[in-house]
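The values are calculated or read from the model by the stated rules, or taken from the named source; none is laboratory data. Predicted model, so just to flag it, every value in this text is computed and none were measured. Backbone-built Cβ (ideal geometry, glycine too); neighbour counts: all protein chains shown.
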2 protein chains.
Amino acid sequence: VAALPVWAGPTLSSTANPRVKAVRALQRAPERRARGLCLLEGVRLLETALAAGARIEEAFAVPALADSGRGRRLLQDLAAQGVPVRPVTPRVLAHMSDTETPQGIVAVARIQEASMAAFAGCTALVIADGLADPGNLGTLVRTAAATGAALWTRAGSADLYEPKALRASMGTLFVVPHRQRLAPEEIVRHARGLGLALVAADARGSIAYWEADWRRPFALVVGSEALGVSPPLLAAAELVVHLPMGPGVESLNAAVTAAVLLFEAVRQRRAAAAGRL
Amino acid sequence: VAALPVWAGPTLSSTANPRVKAVRALQRAPERRARGLCLLEGVRLLETALAAGARIEEAFAVPALADSGRGRRLLQDLAAQGVPVRPVTPRVLAHMSDTETPQGIVAVARIQEASMAAFAGCTALVIADGLADPGNLGTLVRTAAATGAALWTRAGSADLYEPKALRASMGTLFVVPHRQRLAPEEIVRHARGLGLALVAADARGSIAYWEADWRRPFALVVGSEALGVSPPLLAAAELVVHLPMGPGVESLNAAVTAAVLLFEAVRQRRAAAAGRL
């Protein structure tokens with residue numbers, strides 16, 4: 001029989017408590033940036049984030065979480081990693097959380113943006129060029145994780161650590177090397193420095209995406225749905241590809257576009273490795 | 001100079017008005033089903049739905065909509081199609097709408113589910129097997145439109161005419177032949193009757209999706225993220241394909257999975273048509 005979780009201190013029951021306020025403040029991007037911390041909410045997100053190597057500093061859970069097998073296992077996994085878990089009332093948990101019905105636990109984790117040096121050797125990179133919707137951005141993160149791609153965002157995109165983006169990413173952000181809020185000129189300079197071919201996905205593209213050679217190292221630029229790829233990145237791209245579409249359809253969801261192209265790269269590389277391309 | 005829009009009657013200003021209540025009631029699926037009608041909200045959705053051939057019965061707009069060029073054009077397009085547009089106060093519009101900030105107009109349109117006979121000759125069909133998230137389902141609709149696929153949903157999926165699904169589909173539902181709430185045995189029987197190969201996308205799949213032959217007519221089953229493909233459809237599938245994924249990633253967004261496979265079918269078919277496959 002596994003040991004019951006050990007709680008780090010008495011139950012927090014007041015939303016006026018300074019620690020509670022400090023956690024709640026992490027819902028805001030400037031606060032996250034200033035402190036280098038983010039909020040993870042719910043059992044499922046925490047499970048996947050832990051498995052992906054998130055560095056969790058502390059957690060806050062309702063005592064009833066230990067009543068379910070899954071909740072108890074999560075509490076034990078946190079304890080095994082030395083993460084203090086403070087008990088809180090359901091009202092305090094709801095106050096700290098971004099969701100209306102938080103699933104019993106929230107945690108504070110380190111923001112893990114990589115240095116530029118960490119992208120050396122990268123052969124697949126996707127650049128979110130102004131994606132404003134956090135749900136869409138989180139879905140893109142999840143696809144990057146599935147295809148082994150790294151991720152940059154241009155300044156003007158949603159924050160990768162926005163609770164809604166983290167939820168949509170299912171905690172996979174912590175397996176994707178990533179960097180945020182780059183200026184277009186930084187993106188172009190660093191992509192070139194890393195030896196990545198800058199490829200833009202845009203309806204104005206001259207060739208169908210499957211006609212491009214995705215076996216060589218690439219940096220794929222995906223624009224926002226409203227505006228497409230931004231002018232400086234479109235101008236700097238050495239190749240612009242489009243997704244052939246049926247009549248009456250103007251564009252695709254940006255995360256969908258990125259997924260189709262990233263999986264085409266996986267397909268081409270596997271085929272090449274198998275000697276079929 | 002284009003004519004100003006003609007308003008169909010005096011401004012509706014009371015949320016107690018029976019017509020207002022009847023429109024608001026279309027936010028609920030049973031009401032939509034009983035009356036064969038749905039709600040379209042906002043300028044952009046109405047523009048794309050009109051272009052896609054939606055059959056709009058009536059619309060309700062705030063008079064200020066005519067002050068913008070885009071709003072006036074939409075009102076004129078509606079008038080050109082003989083759609084009566086009734087002026088309403090902003091408060092009445094908000095009452096009828098599902099969104100917190102409706103964009104000046106809502107309309108009532110016919111539900112356009114196709115008869116089974118309409119799928120004769122279909123060579124690409126996607127089946128939403130219990131997709132519960134309306135945003136995800138709407139994104140799938142948009143991808144089906146882009147790739148020229150028809151769409152069925154299994155009973156238990158979200159409603160295609162849910163306002164959130166319609167918004168995510170960007171009005172493209174009206175170009176996609178579709179049918180809802182089919183039982184698994186109906187899906188299997190009709191797919192076979194139409195000569196479609198039943199292919200399931202599932203992590204348990206024996207082959208990578210690009211190893212399948214997507215040139216022949218297919219019915220692609222995409223399961224919910226939580227549960228995967230349902231047991232009866234998994235058992236009936238003649239082929240189960242998976243998307244190869246990186247370590248630590250369990251699954252993809254369902255709409256993303258469908259997009260990767262539907263575009264692989266487009267790619268293979270274009271390559272075959274060009275004599276390259």
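In the list B:A128, B:A132, B:A144, which residue meets the criterion of being surrounded by fewer than 24 Cβ atoms within 10 Å (Cβ to Cβ) and either touching a residue at least 12 places away in the same chain (Cβ under 8 Å) or in a helix (DSSP H, G or I) (or both)?
Just a single option satisfies the conditions, and that option is B:A132.
Of (1) at pLDDT 95 or above; (2) farther than 19 Å from A:S169 by Cα, A:C38 satisfies all except one. Which?
Single failed check for A:C38: (2).
Identify, please: which residue in segment A:190-213 is of a type outside the set (G, A, S) and under 23 Å from the mean Cα position of the chain (by Cα) and is, among those, modelled with the lowest pLDDT? Walk me through how you get there before you give the answer.
Looking only at segment A:190-213, we keep the residues that are of a type outside the set (G, A, S), and these are A:190, A:192, A:194, A:196, A:198-199, A:202, A:204, A:207, A:209-211, A:213.
Imposing the further condition that a residue be under 23 Å from the mean Cα position of the chain (by Cα) reduces the set to A:190, A:194, A:196, A:198-199, A:202.
Details: A:H190: 98, A:L194: 97, A:L196: 98, A:L198: 98, A:V199: 98, A:D202: 94.
Per the criteria, the residue is A:D202.
So which residues in segment A:72-102 are within 24 Å of A:A158 (Cα to Cα), touching a residue at least 24 places away in the same chain (Cβ under 8 Å) and surrounded by fewer than 21 Cβ atoms within 10 Å (Cβ to Cβ), if there are any at all?
As a first pass, look at segment A:72-102 and keep what is within 24 Å of A:A158 (Cα to Cα): A:94-102.
Okay, now just the ones that are also touching a residue at least 24 places away in the same chain (Cβ under 8 Å), so A:95-99, A:102.
Answer for segment A:72-102, where residues must be within 24 Å of A:A158 (Cα to Cα), touching a residue at least 24 places away in the same chain (Cβ under 8 Å) and surrounded by fewer than 21 Cβ atoms within 10 Å (Cβ to Cβ): A:H95, A:D98, A:T99, A:P102.
Just a yes or no: is a residue in segment A:150-168 of a type in the set (A, V, I, L, M, F, W, C), in contact with a Phe, Trp or Tyr (Cβ under 8 Å, 6 or more places away or on another chain) and not in a helix (DSSP H, G or I)?
Yes: one or more hits.
Kindly indicate the residue of segment A:241-259 that is surrounded by fewer than 18 Cβ atoms within 10 Å (Cβ to Cβ) and not small (G, A, S) and also nearest to B:V176 (Cα to Cα) among those meeting that condition.
Result: A:P247.
Please go through segment A:171-227 and pick out each residue that is away from chain B (no Cβ under 14 Å), of a type in the set (A, V, I, L, M, F, W, C), outside any loop (DSSP other than H, G, I, E, B) and in contact with a Phe, Trp or Tyr (Cβ under 9 Å, 6 or more places away or on another chain).
Result: A:L182, A:I187, A:A191, A:A197, A:L198, A:V199, A:A219, A:L220.
Inside segment B:228-259, can you point out the residues that are in contact with a strand residue (DSSP E or B) (Cβ under 9 Å, 6 or more places away or on another chain), hydrophobic (A, V, I, L, M, F, W, C) and within 14 Å of chain A (Cβ to nearest Cβ)?
Once the filter is applied, which keeps residues that are in contact with a strand residue (DSSP E or B) (Cβ under 9 Å, 6 or more places away or on another chain), hydrophobic (A, V, I, L, M, F, W, C) and within 14 Å of chain A (Cβ to nearest Cβ), segment B:228-259 yields B:V241, B:L243, B:A254, B:A255, B:A258.
For A:T99, indicate whether it is modelled with pLDDT under 95 and either closer than 25 Å to A:V176 by Cβ or polar (S, T, N, Q) (or both).
So A:T99 passes the test.
Conditions (1) out of contact with any strand residue (DSSP E or B) (no Cβ under 7 Å at 6 or more places or on another chain); (2) more than 9 Å from chain B (Cβ to nearest Cβ), marked per residue:
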| position | (1), (2) |
| --- | --- |
| A:G130 | no, yes |
| A:P134 | yes, yes |
| A:R142 | yes, no |
| A:A145 | yes, no |
| A:R154 | no, yes |
| A:S157 | no, yes |
| A:P163 | no, yes |
| A:L166 | no, yes |
